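A.B. asks: Sharing a structure, written as structure tokens. Questions coming.
No lab work stands behind these numbers, since they all come straight from the coordinates. As the structure is a prediction and not an experimental result, all values here were calculated from the model. Reconstructed Cβ throughout: ideal geometry from the backbone, glycine too, with neighbour counts over all protein chains shown.
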Amino acid sequence: MELLAQILANGILLGGLYAVMALGLALVWGVLNIVNLAHGAFIMLGAYASWHLYTYLGIDPFLGLPLTALLLFALGYALQRGLLNLVVRAPMFNTLLITFGLEVVLTYLAQLAFSADFRTINPPYAGSNVQFGGVVLPLVRLAAFGVAIVLTVGMWLFLLHTRLGRAIRATAQNLLAARLYGVEPRHLYAVTFGLGLALAGAAGGLYGTVSQINPYIGASLTAKSFAIAIIGGLDNPLGVIVGGLFLGIVESLTTLYIGPTFADVASFGILVLVLIVRPSGLLGRTA
Amino acid sequence: MLPRLFFRFPSVILPCLLAALSLPAAAQEITLGASVQLTGPVANTGRYYRDAYQIAVEKINAAGGVKIGAQQYKLALKLYDNQSDVNLSVRQYTQLVSQDKVQLLLGPFASNFALADSAVSEKYKVPMVQGGGASDQIFSRKFKYIFGTLAPASNYFGSTIDMLKALKPAPKSVALLYADDAFDVSVAEGTRPKLKQAGLPIALDERYSTNATDFNSLLSQIKSKNIEAVLVAGHETEILNFVRQAKSLAVAPKMYSFTVGVPSEDFRHALGADADYAFGMTAWLPSAAQKDRWFGDAAQFASEYKQKYGYDPDYHAASGVADVEALVQAMETAGSMEPQKVRDALAKLKFDSLYGPVAFGANGQIDLPQVVIQVQGDGLAEIYGANGFVKQPKYPMPAWNAR
Amino acid sequence: MKALRAVLIVIAAALLAAVPWFGSDVLVQFGINALLLAVLAQGWNIIGGYAGYASFGNSVFYGLGSYGVAIAMVQWNLPFGVGMAFGVLLAVVFALLLGLPVLRLRGHYFAIATLALSQVMAAIVSNIGIAGQNIGLVLPPLNNDRLFYELALLLLAAATLTVWWLTRSRFGFGLIAIRENEEGAAVMGVNTTLYKVLAFALSGVFSALAGGIHAYWITFLDPESAFDISLNVKMIIMAVFGGAGTVLGPVVGALSLSAVSELLASEVTSIAGLFFGLVIVAAVVLMPRGLADMMRRLRGFGWRYFIENIRASRL
């Protein structure tokens, strides 16, 4: 019984990390209709940024998250304004291709710049844990979970209740009308994409504290983020929490009852099922 | 009309241009060819082989090169980067043999690469000596042109199990965790019967996906079942994750042993103090007792290597050097660089090198015993060898918060 | 005009067929790879280019074909031909069983669903004992590159002829109608579900055959290489680069991009992949409708062709 409780706790904490990973992807996809196949590569860059800040400037990875996020926001803004805005009105398919190309380019650049060696962010409190009712909760994962909740709820509030958030949603829903209201779409799209990447960067910073960083982690992170975003549903930013928790728990239980090699079968199998049965996701509106 | 012609022909002309641009290899030198992982996810270990091959070739050339009959030949090395892609590796080996016309082949790192690439050496009947693949599968296909200097995977935990039996008290339960690639599955398949024979009950036997990052579930099970000894066959990053997560989940079995990582400096550096108490194994230690024709002995080799490349060599590097030396010894014994003759000489080869005694079994694989090592404090200690305990192990491992 | 074009195609085909006799071993190996990629691109063309359903999961069929041949030859000691048939059978069953639910999805959801399917298949197969789990299988070696080359070329010819047949058959017109306006097509009496599933299965058959040849040629396979996710994007890029929805576009795209990639890999190894990524990005921005379209319009527009493309797609 205690084992089951521990496994569930593991799954929930993992789910929190998953939620942060998928948040940026869901935002950009749900709002801008841009499917970013390079999302994982940006998480990777965020992880490297966090690592450099920690190793060379001694900035704690959690405290340094805003800085990492800012760096990636700037990158995202530039990319959208300079490159992605050029293909926004082309068939959706083209954004898939161009972001794939970006993923390849970013992976190679990362490899040239940082080499293939594995790195990790190992602050002194990395091995600590909190014991709660017979269950051990690793401190870093608990903190990542906390950050995930804060960021997701924050994003939800931002989109619903701030002027900028409403402007972003308006632009996504009706470009022409938004323009008529004086919104500058190129700037707004760039801001949104920047936000998406900022979130990816934050996820990267967190990821770097719990796992190894190398230039090639992008592809599998993208795949995971997709699963989480879709299972949770793209209509509602809170969907990623549901998707993340769901996937985290399913994977942990699968590892316990079936076997560790079936975790991927479970996650992607559920993704396929959700797409077939309820494409709008667990929290999505069945339109 | 013209655009049509233009856009149809480039797809035919370009490949022909490629063929015309290939250059023949230089004569009066013996070229050894290899496709190694210099970039990509396993480049971390692949570079050991590039560096090892280079230092060996340089050292042998400095001593005069290869003596075949009355003639001295210099060695040359032709290396390709396979970007950690097995398919590319196969094509590069084909290119080395059929286009670059190298005389002999050196191997890549990793069993799955060696498995695929040995098909090329067999196809073209050019001997390949590889020091990167230990899986028994590579040598079970009755191929005649593949030789390996890594000890069989199935025996990796052999000496560790002998040590466990000799511990007082012996562990009451063992967990066997292994990644699902050729090498680690081979290790597990060989380890299970040995554990059974030693009377050590297996309480957890789990195969996990290669490149897994999350071991929390497995660790929780180890803790809940109070398993005393944990044997993990996996890759360096997985093991790093394993140890870190063990700490953060407060899981401390009485001992744990890993198939990779422990002998390497950067592994211990990455874990810092957390590496303490970890067991591993190695078929090679840089001891002055292992004499070598070109390097003097293993200790001298280790310091030369460190001086040249800036990091300590481990058994991967030593194995790579042994590959080059094996080819040279075979050529000199055969008195020829002709592939068939070299192959026959390799099969009968027996000589001492900094890596240890080199001799290939009937299936082409070397057989060397593994020595149990443990991280103790700042350094690596040799614990248990062919003759029993060399040094007392730090056993059992204390709880994480009691270190 | 048509006759001249046909003659040119025959000459090009003859030249390609003759390569194993005057080309180096490496060239033949490159050729086999390039031809198989062209088959994949052409197969994708059927479902993606003509039916308008951009599948990101044709690597599943490729993998099923590879494993079909491998399991038949290694575990059951059957000949290659039977293995290929088995692979095709697996692909068709998969297309029918999973194509039905997945083809109900539109646009990028279909793309993501097929991508997810390819991930699931790789994960499932790595757990199946008869398939060798994650270690894979080693096939009996056959040292006959010429045979594989001609087989691949034959397969490409078959795929291209099939696509050509599509352009003048009712089935093909139905697919194009689905692509342009699916509701309209349904209203006009096209059995959209049947046509879509058939197109999916047809593209699957070619991908499976290509996978089977590749497996026997390379003599080994494992889930990662058989269900290689990057193949999906490669075949799409090649088809789109050459011109999706045309008969020869994917062939040209595949052969030329393969040549460029191989040239880079042998000269500038570590940055080869980087250039490839840059080529993809540049192509999507500057020539999203492919080489075929570029060739057709470049004479009239000149450099403004590229600017027009950007102007049409940008925000």
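A.B. asks: Do you know the relative contact order of segment C:28-228, to the nearest whole percent, from alpha carbon pairs under 8 angstrom that are 6+ apart?
C.D. replies: On the way: 332 pairs, mean separation 87.5, N = 201.
About 44 percent, as a whole number.
A.B. asks: Rounded to the nearest 0.05, what FRET efficiency is calculated for B:Lys67 and B:Ser303 with R0 set to 25 Å and r the Cβ-Cβ distance?
C.D. replies: Working: r = 27 Å, r/R0 = 1.09.
For R0 = 25 Å, the calculated efficiency reads 0.35.
A.B. asks: Two decimals is fine: what is log10 I(q)/I(0) at q = 0.08, 0.09 Å⁻¹ for the protein assembly as shown, from a Debye sum with one equal scatterer on every Cα and no solvent?
C.D. replies: The Cα Debye sum returns log10 ratios of -0.82, -1.04.
A.B. asks: Which whole number gives the average, over all residues in C:233-245, of C-beta atoms from other chains lying within 10 Å of the residue C-beta? All intermediate terms of the calculation are to be shown ahead of the outcome.
C.D. replies: Details: counts 7, 1, 0, 4, 3, 0, 0, 3, 1, 2, 1, 1, 0.
Rounded to a whole number, the mean comes out at 2.
A.B. asks: In degrees from 0 to 90, rounded to the nearest 10, what is the angle of the helix A:163-173 Cα long axis to the longest principal axis of chain A?
C.D. replies: Long axis of A:163-173 versus the principal axis of chain A: about 70 degrees.
A.B. asks: Placing +1 on the Cβ of each Lys and Arg and -1 on the Cβ of each Asp and Glu in the protein assembly as shown, which of B:Ile239, C:Val82, C:Ala185 has its Cα farthest towards the positive end of the resulting dipole?
C.D. replies: C:Ala185
A.B. asks: Moving to a separate point now. Would you list which aspartates and glutamates come within 18 Å of B:Lys247, measuring only between C-alpha atoms, while excluding same-chain residues fewer than 8 positions from it?
C.D. replies: B:Asp214, B:Glu228, B:Glu236, B:Glu238, B:Asp274, B:Asp276
A.B. asks: Where does each of C:Leu315, C:Leu115 land when they are ranked from fewest to most other beta-carbon atoms within 10 angstrom? If you can, show how the numbers build up before the last one.
C.D. replies: Values: C:Leu315 17, C:Leu115 28.
Neighbour counts put them in this order, fewest first: C:Leu315, C:Leu115.
A.B. asks: If one takes the longest principal axis of the Cα atoms in chain B, at what angle in degrees, from 0 to 90 and to the nearest 10, does the Cα axis of helix B:236-248 lie?
C.D. replies: That works out to roughly 20 degrees.
A.B. asks: So, one more: Amide H of B:Val230: which non-local residues (sequence gap of 5 or more, or other chain) have their own amide H closer than 5 Å, using H built in the peptide plane?
C.D. replies: Long-range HN contacts for B:Val230: B:Ala175, B:Met255, B:Tyr256, B:Ser257.
A.B. asks: Where does the protein assembly as shown land at 222 nm, in deg cm²/dmol rounded to the nearest 500, when only DSSP H runs of n ≥ 4 count, each adding -39500 (n - 2.57), divided by all residues?
C.D. replies: That comes out to -20000 deg cm²/dmol.
A.B. asks: Taking the Cβ of each residue in A:Met1, B:Met163 as the centre, tally the other Cβ atoms inside 10 Å and list the residues starting with the fewest.
C.D. replies: Details: A:Met1 7, B:Met163 24.
Placing the least packed residue first, the sequence is A:Met1, B:Met163.
A.B. asks: Anything over 31 Å Cα to Cα? Flag those among B:Lys225/B:Lys394; B:Lys78/B:Lys306; B:Lys291/B:Lys348; B:Lys168/B:Lys291, in the order listed.
C.D. replies: Numbers: B:Lys225/B:Lys394 23 Å; B:Lys78/B:Lys306 23 Å; B:Lys291/B:Lys348 20 Å; B:Lys168/B:Lys291 36 Å.
Over 31 Å Cα-Cα: B:Lys168/B:Lys291.
A.B. asks: Oh, and also: Sort B:Phe301, C:Phe301 so the one with the fewest other Cβ atoms within 10 Å of its own Cβ comes first. Mind dumping the intermediate values first?
C.D. replies: Working: B:Phe301 26, C:Phe301 14.
Least crowded to most crowded, the residues run C:Phe301, B:Phe301.
A.B. asks: Select from A:Gly154, A:Gly76, A:Gly11 the residue whose mean-square fluctuation is largest in a Gaussian network model of chain A (Cα-Cα springs shorter than 10 Å).
C.D. replies: Ranking A:Gly154, A:Gly76, A:Gly11 by mean-square fluctuation puts A:Gly154 first.
A.B. asks: Follow-up. Looking only at segment B:122-250, where both bridge partners belong to it, what percent of the DSSP beta bridges are antiparallel (to the nearest 5)?
C.D. replies: Numbers: 0 of 14 bridges.
In segment B:122-250, approximately 0 percent of DSSP beta bridges are antiparallel ones.
A.B. asks: Within 10 Å, count the other beta carbons around each residue, average over each peptide in B:120-132, A:116-128, and list them highest first.
C.D. replies: Values: B:120-132: 24.8, A:116-128: 17.9.
Peptide ranking by packing, descending: B:120-132, A:116-128.
A.B. asks: Another question, if that's okay. If I fit a long axis through the Cα atoms of helix B:111-124 and take the longest principal axis of the Cα atoms of chain B, what angle between them do I get, 0 to 90°, rounded to 10?
C.D. replies: With both axes taken from Cα atoms, the answer is about 30 degrees.
A.B. asks: Here's a follow-up. Where the centre of each part is set by its Cα atoms, how far does segment A:49-72 sit from segment A:209-255, in angstrom?
C.D. replies: Each part reduced to its Cα centre gives a spacing of 23 Å.
A.B. asks: Ok, one more. Can you tell me the mean projection area, over all orientations, of the convex hull of chain B's alpha carbons? Units nm², please. All intermediate terms of the calculation are to be shown ahead of the outcome.
C.D. replies: Values: hull surface 91.0 nm².
Over all viewing directions, chain B projects a mean Cα-hull area of 22.7 nm².
A.B. asks: Can you give me the Cα centroid spacing of segment B:274-317 and segment C:168-231 in angstrom?
C.D. replies: Between the Cα centre of segment B:274-317 and that of segment C:168-231, the gap is 55 Å.
A.B. asks: Give me a comma-separated list of calculated 3J(HN,Hα) values for segment A:41-52, in order, Karplus coefficients 6.51, -1.76, 1.60 applied at θ = phi - 60°, integers in Hz, x for any Gly or Pro.
C.D. replies: Residue by residue, segment A:41-52 yields 5, 6, 4, 4, 5, x, 4, 4, 4, 4, 4, 5 Hz.
A.B. asks: Let me ask something else about it. Report Rg/Rh for segment C:28-228, rounded to two decimals, where Rg is the Cα radius of gyration and Rh the Kirkwood radius. Before the final figure, lay out the partial values.
C.D. replies: On the way: Rg = 16.8 Å, Rh = 17.0 Å.
With Rh from the inverse mean 1/r over Cα pairs, Rg/Rh is 0.99.
A.B. asks: Using label points projected 7 Å from each Cα along Cα→Cβ, tell me how many nm separate B:Asn387 and C:Arg146, to one decimal.
C.D. replies: 6.2
A.B. asks: A follow-up question, please. Under 10 Å, Cα contacts only: if you run a Gaussian network model on chain A, which one of A:Gly259, A:Gly146, A:Gly244 comes out with the highest mean-square fluctuation?
C.D. replies: Result for chain A, Cα springs under 10 Å: A:Gly259 fluctuates most.
A.B. asks: Further question: Take the alpha-carbon centre of segment B:95-125, take the same for segment A:146-198, and report the distance between them in whole Å.
C.D. replies: Taking the Cα centre of each part, segment B:95-125 and segment A:146-198 sit 55 Å apart.
A.B. asks: I need to check one value: relative contact order of segment A:104-236, counting alpha carbon pairs closer than 8 Å and at least 6 residues apart, in percent.
C.D. replies: 35
A.B. asks: Give me the percent of DSSP beta bridges within the protein assembly as shown that run antiparallel, rounded to the nearest 5. List each step's numbers first, then the result.
C.D. replies: Working: 28 of 60 bridges.
Of all bridge pairs located within the protein assembly as shown, approximately 45 percent are antiparallel.
A.B. asks: Once R0 is set to 35 Å, what does the formula 1/(1 + (r/R0)^6) return for the Cβ-Cβ distance between B:Asp367 and B:Lys74, expressed as a FRET efficiency to the nearest 0.05?
C.D. replies: Details: r = 32 Å, r/R0 = 0.93.
Approximately 0.60, to the nearest 0.05.
A.B. asks: Which lysines have a Cα lying under 19 Å from the Cα of B:Lys123, excluding residues fewer than 8 positions away in the same chain?
C.D. replies: Here the lysines satisfying the reach criterion relative to B:Lys123 are B:Lys101, B:Lys142, B:Lys144, B:Lys341.
A.B. asks: Apply 1/(1 + (r/R0)^6) to the Cβ-Cβ distance of C:Val10 and C:Asn77, taking R0 = 35 Å, and write down the FRET efficiency to the nearest 0.05.
C.D. replies: Values: r = 40 Å, r/R0 = 1.14.
E between C:Val10 and C:Asn77, to the nearest 0.05, is 0.30.
A.B. asks: Report the trypsin sites (Lys or Arg not before Pro) located in segment C:251-315 that are in a DSSP loop and have at most 10 other Cβ atoms inside 10 Å of their Cβ, or state none. Write down the numbers at each step before the final one.
C.D. replies: Details: sites: C:Arg289, C:Arg296, C:Arg297, C:Arg299, C:Arg304, C:Arg311, C:Arg314; in loops: C:Arg289, C:Arg314.
Sites meeting the loop and neighbour criteria: none at all.
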